Amino acid sequence: MKISVIGAGLGGLSAACLLAAKGHRVTIFEKNENTGGKMNIIEAEGYRFDTGPSLLTMPFILEKLFKECGADMDDYLSLDPLDPICRYFYADGTVFNNYENKQATKDEIMAFAPQDVNSYPEFLDHARSLYHKTADAFIFNPLYDFSDLKELDLLSFFGIDAFATVSKRVNSTFESTYLRKFFKRFTTYNGSSPFLAPATLNVIPHVEINQGGFYVKGGLYKVAEAMTSLAKTLGVEFIFNTEIKSIEIEGQKATGVRLKSGTKIESDLVVSNSDATETIAHLLPDSSIASQRKEKAKSIEPSCSGFVLLLGIDKKYEQLVHHNIFFSEDYEKEFKQIFEDKVMPDDPTIYVANTSYSDLNHAPEDGSNLFVLVNAPYLSDQYDWKNNTASYGDKVIQELEERGLRQLSNHIRFRETITPHDFYKKYRSNKGSIYGTSSNSKFSAFLRPRNKSREIDKLYFVGGSTHPGGGIPLVVQSAFNAVELIERYELD
């Protein structure tokens, strides 16, 4: 088959590799000049920054992708475990190193929250049980038709803790505010609020801590480069700097894509790695889909977005490791402002990735490359980015100075900002979101757009806005799901 893929993000790259490996002729049309989508890279003045994901989890999914394409991931990528996984800074000065080694972490907890020292491993066991109950049923399952649903174990379904929130479950387990904040923050991995998202998402600590979080030697963008190289060896054609105007539909079937230039590319089927909401609302002709369906797509709540500062500095701060989080004082207020008020938080939790800690060549000698991320609301009329971007960046820098990075502003040699507007403009993500679709509902696993269109034949969806969700491993899994459905419906 001749297949057109819209977008060279990780979902599009994964689908293209899998389909090309099966003998199909695949062409990827990419709006921007390089692959990776929101997994991107900026290099300037001797500093190197990953501008997307900063941690790889569930590497076995990526390994499976390479294996099914006749390759060995180890020939392309070198994965390094980090120790500690992450360092946490609390507003009262408490510092917590979270290690993969459970005993080392328990020793840390004993120093500031001895009442919770035994609850820590117990909660990770709970997270492990959630994973075993949800992985096959909700992640490695397309959840498209009745043949998929009949595989669900009803007893397991009622054991996945979908009827409490992450916050309530964590609060019932831990007494200290330290461990409560620690475990609630994992929900932000898919851009959701721990005060709204189902407690099922307490599975995420298992993925990072029990299974392990990894850094890719050279930077996370190496993943996109590796997948691009793999795709090219499989014969995938790339056409860059080319935006899609519409998906061509004839008789409720996708027959190709039309470029902004007006050129029509005929295809046997289309795989969209563009945001699912954007695809349905803007790439499908009005005549091909009911207006109510378009409105429903537009109403899907996106994940939160992010406000990013890229800071190249001429100093190393000894207190910073590879991954660092500076917690806000009032966590609940912070999430209310982001998800309900849709404004930037007064007192934000600040994530700092310092890859020069592990890769010395990511910054000039004695310097550091700080990727600074604050969770932000998706785009709305509630917040004016045009007039607030610079001042909010100054505010974040000042907060980091007050939290121990003394005179940070005096050491900045390179500074660049990325806002939700930038995420929308460059990637056409729904309202500037960066993690795809929100999980702020009890049944979000069933509400995400499926990997095959129900209205348009021969149209498939991959990426973080689709099932099973955002983040590197789930985006790759979306491609496995889509290819499984293609083989089910197109090749029978």
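The values are calculated or read from the model by the stated rules, or taken from the named source; none is laboratory data. Everything numeric in this text was worked out from a predicted model, so none of it was measured. Backbone-built Cβ (ideal geometry, glycine too); neighbour counts: all protein chains shown.
Numbers at a glance
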| quantity | calculated |
| --- | --- |
| Of all residues making up the stretch 408-438, the number that are closer than 26 Å to residue 368 by Cβ and either part of a strand (DSSP E or B) or among the small types (Gly, Ala, Ser) (or both) | 8 |
| The stretch 226-266, residues that are assigned to a helix (DSSP H, G or I) and without any contact (Cβ under 8 Å) to a residue 60 or more places away in the chain | 232 |
| Only one of 257, 223, 271, 236 that is touching a Ser or Thr at 6+ places or on another chain (Cβ under 7 Å) and closer than 20 Å to residue 463 by Cβ | 257 |
| Output for the stretch 335-389, where each listed residue is among the aromatic types (Phe, Trp, Tyr), under 20 Å from residue 405 (Cβ atoms) and either assigned to a helix (DSSP H, G or I) or touching a helix residue (DSSP H, G or I) at 6+ places or on another chain (Cβ under 8 Å) (or both) | 357, 371 |
| Qualifying position, being over 30 Å from residue 168 (Cβ atoms), buried (at least 20 other Cβ atoms within 10 Å of the Cβ) and under 23 Å from the mean Cα position of the chain (by Cα), among 324, 354 | 354 |
| Residue 262 vs. criteria modelled with pLDDT of 90 or more, surrounded by fewer than 20 Cβ atoms within 10 Å (Cβ to Cβ) and closer than 30 Å to residue 74 by Cβ | no |
| Some residue of the stretch 212-220 being closer than 26 Å to residue 115 by Cα and touching a residue at least 24 places away in the same chain (Cβ under 8 Å) | yes |
| Residue within the stretch 90-98 that is free of Cβ contacts under 8 Å to residues at least 12 places away in the same chain and of a type in the set (Gly, Ala, Ser) present | yes |
| Looking only at the stretch 466-489, and only at residues there that are aliphatic (A, V, I, L, M) and touching a Ser or Thr at 6+ places or on another chain (Cβ under 6 Å), the one that is surrounded by the most Cβ atoms within 10 Å (Cβ to Cβ) | 479 |
| Among the candidates 56, 82, residue that is under 30 Å from residue 24 (Cα atoms) and of a type outside the set (Asp, Glu) | 56 |
| Exclusive hit being exposed (fewer than 13 other Cβ atoms within 10 Å of the Cβ), within 25 Å of residue 190 (Cα to Cα) and hydrophobic (A, V, I, L, M, F, W, C), set 60, 89 | 60 |
| Residue 60 vs. criteria among the aromatic types (Phe, Trp, Tyr) and assigned by TED's automatic domain parsing to the domain that holds residue 230 | yes |
| Hey, residue 298 assigned to a helix (DSSP H, G or I) and over 17 Å from residue 249 (Cβ atoms) or not | yes |
| Any hit, the stretch 23-36, residues being under 17 Å from residue 470 (Cα atoms) and either touching an Asp or Glu at 6+ places or on another chain (Cβ under 9 Å) or surrounded by 20 or more Cβ atoms within 10 Å (Cβ to Cβ) (or both) | yes |
| Selected residue (criterion: nearest to the chain's Cα centre (by Cα)) from residues of the stretch 273-293 that are of a type in the set (A, V, I, L, M) and part of a helix (DSSP H, G or I) | 276 |
